[in-house]
Amino acid sequence: MTRTLIRGGLVVTAADEIHADVLIEGSRVAALAASGSHAAAGWTADRVVDATGRYVLPGGVDAHTHMEMPFGGTRSSDTFETGTRAAAWGGTTTIVDFAIQSVGGSLRAGLDAWHAKADGRCAIDYGFHMILSDVTEASLAEMDALVAEGVTSFKLFMAYPGVFYSDDGKILRAMQRAAGNGGLIMMHAENGIAIDVLVEQALAAGRTDPRYHGEVRKALLEAEATHRAVQLARVAGAPLYVVHVSAAEAVAELSAARQLGLDVYGETCPQYLFLSADDLARPGFEGAKYVCSTPLRPAEHQEALWRALRTDDLSVVSTDHCPFCFTGQKDLGRGDFSKIPNGLPGVEHRMDLLHQAVVEGRISRRRWIELACAAPARMFGLHPRKGTIAPGSDADIVLYDPAATQTLSAAGHHMNVDHSVYEGRRITGRVETVLSRGVPVIEERRWTGRAGHGRYLPRAVGTYPRQP
Ligand code: DUC
Ligand code: ZN
Ligand code: ZN
Ligand code: ZN
């Protein structure tokens, strides 16, 4: 078994920051010891990595990606191969992607279809959530089986009538089932029925540009759906995880629920923290690059999101990575914003953008790792294998240079998409070396990984801090 010693770095986990040496045996972390201590001095290793001046971080866990996702007559442009490679370049070593039940189809068929896309192609480890598009007695019964075999979270949509949408009755039934089997309900909280009325009215009035996507998907309709989801979860006695929270009013609903002690959690994404409705309103058709749902909000919403990330009213930062090329995909919505495929590329930049927030004093280093690694690992049943650096955990480790600078750009990124929503943005900090289960996939910014190294991760039921 190969023994690797990572020496001299600052090990940052959600719990601690210590100058420590990390010993890896094979695919697992074997031990940590304070730098220069007797234990570390006596360790022998086949390979010694000097991490002086670097952070030694747990690999990122991105609990919200959509590789090769069918949407609006096209499919997201990253395959599991290209998307997981890009994730690794950005210091993420685990993704949890969304398998989709088709209307009239079984959960099993959806899951099999996603395994067929991913198995043997991923550069890093991966798991699946399941999107419930058709809540029936049969699919409810299938939920139990999926939880037992490691698909322990289920996304429901209050948006997209006619596609993924579930009505309140279906949502309540799925939540009741989850309360019984331990699954976690993840909610896309937007009132899709009301939004569709506003879409129709906007188009009829000739308001067809990308910026109207943001105007019809109103913050109040995100807040209303969030409130309703919380009450339904409360009635069902199930924990709730609200995905891609973007509106200050929705954050207020989560804060109120948590103030009552409810088992309610929220996720936001870098695009809501760093981009805004101004980007959607860029001249010409440029705004199409910024069309995602929930939509980018006016910049004044950002402060509420940052505050909630500090108070834990938002507990996780994931990317909702769902890239579509500007040419040939976003194009489908020229002259009709409602036909622009929804989604932004971002899997590569989450760790860096959050580090930028550390540099700017918005969050602490430990909070960075909590939001991007530890919390998603716990909530989605991957702790303690993923999300931390501790004896026994997988040796998914990132050497991060906090002083390097970089400029984000489509010319330099690794995602399979023809533009960057962060084009020209300066970042302090950069991923240098990445290990996945002890195997270097990036070594001093050279790609050493391979498609097929990544393994499927059956997940346990998550643990939530509020449960007794
Ligand atoms: N939102 C997006 O932006 N893309 C995919 C699905 C979703 O809910
Ligand atoms: Zn969604
Ligand atoms: Zn309310
Ligand atoms: Zn999504």
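What FRET efficiency would be calculated for the residue pair ASP278, ALA45, taking the C-beta separation as r and a Förster radius of 56 Å, to the nearest 0.05?
Details: r = 51 Å, r/R0 = 0.91.
About 0.65, to the nearest 0.05.
Can you tell me the length gained on complete extension of the stretch ALA138 to ARG207, counting 0.36 nm per residue apart and subtracting the Cα distance?
Value of the extension gain: 20.6 nm.
Would you give the gap between the C-alpha center of the stretch 244-278 and the C-alpha center of the stretch 133-153, rounded to a whole Å?
One Cα centre to the other: 27 Å.
Net charge around ARG385, counting only other residues with Cβ within less than 13 Å of its Cβ (Lys, Arg = +1; Asp, Glu = -1)? Working shown, then result.
Values: positive: ARG28, ARG378, LYS386, ARG437, ARG455, ARG459; negative: ASP125, ASP394, ASP396.
My count for the surroundings of ARG385 gives +3.
Pulled fully out, how much extra length does the chain show between ARG366 and GLU423, if you take 0.36 nm times their separation in residues and subtract their Cα-Cα distance? Write out the running numbers ahead of the final one.
Numbers: separation 57, 0.36 × 57 = 20.52 nm, distance 2.76 nm.
Value of the extension gain: 17.8 nm.
Could you count how many Lys pairs in the chain have their Cα atoms under 17 Å apart, skipping same-chain pairs fewer than 8 positions apart? Please list the in-between numbers first.
Values: LYS155/LYS170; LYS289/LYS330; LYS289/LYS339; LYS330/LYS339.
So the count of such lysine pairs works out to 4.
Can you work out the PRE-style zone for ALA410? Point 7 Å along Cα to Cβ, and I want the residues of the stretch 199-213 with backbone N under 19 Å.
210-211
Highest mean first, what order results for 440-449, 227-236, 402-411, 85-94 on Cβ atoms within 10 Å?
Details: 440-449: 16.1, 227-236: 19.6, 402-411: 13.2, 85-94: 28.4.
For the peptides 440-449, 227-236, 402-411, 85-94, the packing ranking is 85-94, 227-236, 440-449, 402-411.
With 10 angstrom as the radius, rank GLU370, GLU149, GLU224, GLU423 by how many other C-beta atoms surround their C-beta, starting from the fewest. It would help to have the intermediate numbers written out before the result.
Working: GLU370 24, GLU149 10, GLU224 19, GLU423 13.
So the residues, fewest neighbours to most, are GLU149, GLU423, GLU224, GLU370.
Separation between the HIS115 and GLU303 pseudo-spin-labels, each 7 Å from Cα along Cα→Cβ, expressed in nm?
5.1
Dipole of the stretch 60-379 (Lys/Arg Cβ +1, Asp/Glu Cβ -1, origin at the Cα centre): which of VAL230, LEU353, ALA256 lies farthest to the positive side?
Farthest along the dipole direction, towards plus: LEU353.
Roughly what % of Cα-Cα distances in the chain sit above 35 Å, to the whole percent? Could you put the intermediate results ahead of the total?
Values: 28998 of 109278 pairs.
So the portion of pairs separated by more than 35 Å is 27 percent.
For a Förster distance of 45 Å, can you work out the FRET efficiency between the beta-carbons of GLN231 and THR2, rounded to the nearest 0.05?
Working: r = 53 Å, r/R0 = 1.17.
Result of the calculation: an efficiency of 0.30.
Sum -39500 (n - 2.57) across every DSSP H segment of at least 4 residues in the chain, then divide by the residue count to get the 222 nm mean residue ellipticity, nearest 500. Mind showing how you got there, number by number?
Details: 15 runs with 142 residues, N = 468.
Counting only the DSSP helices, I get -8500 deg cm²/dmol.
Between VAL461 and LYS339, what is the FRET efficiency for a Förster distance of 35 Å, r being their Cβ-Cβ separation, to the nearest 0.05? Walk me through the numbers before you get to the answer.
Values: r = 39 Å, r/R0 = 1.11.
With a Förster radius of 35 Å, E is 0.35.
Every number here is computed from the coordinates shown, using simple stated rules; none is lab data. On a predicted model such as this, the values are computed, not experimentally measured, just so you know. All Cβ positions, glycine included, derive from the backbone under ideal geometry; neighbour counts span all protein chains shown.
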